[in-house]
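Visitor: One structure, pasted below without further comment.
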Amino acid sequence: MKKVFLAMAALFQLSTAFAQDKSGLLTHYYEVKDALVSGNSNAAATAATALITAAGNSTDKAVQASKDKLVADAQQIASGKDLAQQREQFKQLSADMYTLAKTTKLSEQPVYQQYCPMKKASWLSSSNAIKNPYFGSQMLTCGKVADTIQ
């Protein structure tokens, strides 16, 4: 009985995650952001590679229209090992993801655009709590919520 319950819970979580992000793009974008927040360039590269794959596999017309930009942005992060350069490229990836999120519903959950005045750059988050990917632990909470996409 316990195994059945655990299997049902796992299935529910999987279906909920799928419903929240149909294409997987936002999930992988958040993984890149979280890796940059924690200062892990290898994890950022891995997540960026997954984002490239998700963009290539998506059948959503809006994603297909943005695919070349997203892939180019993510490729710079995926091929880089220098955290500062990955963070710099993340600016453009974030701008392109924001444009996509404004034109198509990527998630059933709110998407928060957050802004760092020190870096003059934005990023997207699933939470309104600020965790700055541009400075990581140096200035973890620097920023503010600039927009909420419902």
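Visitor: Looking at (1) buried (at least 19 other Cβ atoms within 10 Å of the Cβ); (2) modelled with pLDDT of 95 or more; (3) over 19 Å from Gly136 (Cβ atoms); (4) not charged (D, E, K, R), which is the one condition that is false for Ser107?
Guide: For Ser107, the failing item is (2).
Visitor: Conditions first: (1) polar (S, T, N, Q); (2) out of contact with any Leu (no Cβ under 7 Å at 6 or more places or on another chain); (3) surrounded by 15 or more Cβ atoms within 10 Å (Cβ to Cβ). Gln113 passes all but one, so which condition is the exception?
Guide: The failed condition is (2).
Visitor: Ok, one more. Hey, Gln86 hits all of (1) modelled with pLDDT of 95 or more; (2) under 23 Å from Ile149 (Cα atoms) but one; which does it fall short on?
Guide: (2)
Visitor: Another question, if that's okay. Are there any helices (runs of 4 or more DSSP H) wholly within the range 1-61 with 1 or more residues that are at pLDDT below 60 and not aliphatic (A, V, I, L, M), and if so which?
Guide: Answer list for the range 1-61: 2-20.
Visitor: Among the numbered criteria (1) surrounded by fewer than 19 Cβ atoms within 10 Å (Cβ to Cβ); (2) of a type outside the set (S, T, N, Q); (3) in contact with a Leu (Cβ under 9 Å, 6 or more places away or on another chain), which single criterion is violated by Leu25?
Guide: Looking at each condition in turn, Leu25 falls short on (1).
Visitor: For the range 28-74, give me the residue count where each residue is of a type outside the set (Ser, Thr, Tyr) and under 25 Å from Ser137 (Cα atoms).
Guide: Adding up the residues that qualify gives 20.
Visitor: Can you pull out every residue in the range 97-114 that is part of a strand (DSSP E or B) and out of contact with any Gly (no Cβ under 6 Å at 6 or more places or on another chain)?
Guide: Val111, Tyr112, Gln113
Visitor: Evaluate the following for Gln86: is it in a helix (DSSP H, G or I) and over 25 Å from Ser66 (Cα atoms)?
Guide: The answer is no for Gln86.
Visitor: Can I ask one more? Taking the options Ala55, Ala95, name whichever one is of a type in the set (A, V, I, L, M, F, W, C), surrounded by fewer than 20 Cβ atoms within 10 Å (Cβ to Cβ) and within 13 Å of Tyr29 (Cα to Cα).
Guide: Ala95
Visitor: If you don't mind, there's one more thing I want to ask. Thr99 - would you say it is β-branched (Val, Ile, Thr) and more than 14 Å from the chain's Cα centre (by Cα)?
Guide: no
Visitor: Now, a different point. Of the residues in the range 116-150, how many are polar (S, T, N, Q), exposed (fewer than 15 other Cβ atoms within 10 Å of the Cβ) and in a loop (DSSP other than H, G, I, E, B)?
Guide: So the count comes out to 4.
Visitor: Here is a further query. List every residue pair whose Cβ atoms sit under 6 Å apart, with the two residues 6 or more apart in sequence or on different chains, where the first one lies in the range 139-150 and is farther than 14 Å from Lys119 by Cα and the second, anywhere, is in a strand (DSSP E or B).
Guide: If the second residue must be in a strand (DSSP E or B), the pairs left are Val145/Tyr112; Val145/Gln114; Ala146/Gln113; Ala146/Tyr115; Asp147/Gln113; Thr148/Tyr112; Ile149/Val111.
Visitor: Which is within 22 Å of Ser38 (Cβ to Cβ), of a type in the set (Lys, Arg) and out of contact with any Pro (no Cβ under 7 Å at 6 or more places or on another chain), of Lys67, Lys91, Lys61?
Guide: Lys91
The values are calculated or read from the model by the stated rules, or taken from the named source; none is laboratory data. Everything numeric in this text was worked out from a predicted model, so none of it was measured. As a convention, Cβ positions derive from the backbone with ideal geometry for all residues, glycine included, and neighbour counts pool all protein chains shown.
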